[in-house]
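The values are calculated or read from the model by the stated rules, or taken from the named source; none is laboratory data. In this text the structure is predicted, and so the values were computed from the model without any measurement. We place every Cβ from the backbone using ideal geometry, glycine too, and count neighbours over all the protein chains shown.
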Amino acid sequence: LPALFKEELRHEEAEEGKTVTLCCELTKPAPVEWKKGHTVLKPSEKYRMRQKDVTAELVIHDLTEGDA
């Protein structure tokens with residue numbers, strides 16, 4: 001069976017220039033690919049991805065309006 005979201009992402013509010021962490025939980029361990037629209041996000045100074053077992057996190061640094 002494929003991995004499913006155990007808990008969906010929640011809407012987060014944050015101020016421009018700050019950092020926000022988005023987190024999701026899966027029903028079983030599986031690789032997670034973070035996207036913005038159709039663009040796959042890659043690790044960089046702006047984006048940091050972490051995954052441990054069934055929990056995946058995306059950290060977005062230096063938020064701008066375009067990150068919404």
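Please count how many residues of region 21-59 are loosely packed, with under 11 Cβ neighbours inside 10 Å and over 12 Å from the mean Cα position of the chain (by Cα).
8
Residue check: is residue 62 out of contact with any strand residue (DSSP E or B) (no Cβ under 8 Å at 6 or more places or on another chain), on the phi > 0 side of the Ramachandran plot, surrounded by 10 or more Cβ atoms within 10 Å (Cβ to Cβ) and at pLDDT 90 or above?
Details: out of contact with any strand residue (DSSP E or B) (no Cβ under 8 Å at 6 or more places or on another chain): yes; on the phi > 0 side of the Ramachandran plot: yes; surrounded by 10 or more Cβ atoms within 10 Å (Cβ to Cβ): yes; at pLDDT 90 or above: yes.
When the stated conditions are applied, residue 62 passes them.
If we scan region 10-20, do we find a residue that is charged (D, E, K, R), touching a residue at least 24 places away in the same chain (Cβ under 8 Å), surrounded by 10 or more Cβ atoms within 10 Å (Cβ to Cβ) and more than 24 Å from residue 64 (Cβ to Cβ)?
No - not one qualifying residue is present in region 10-20.
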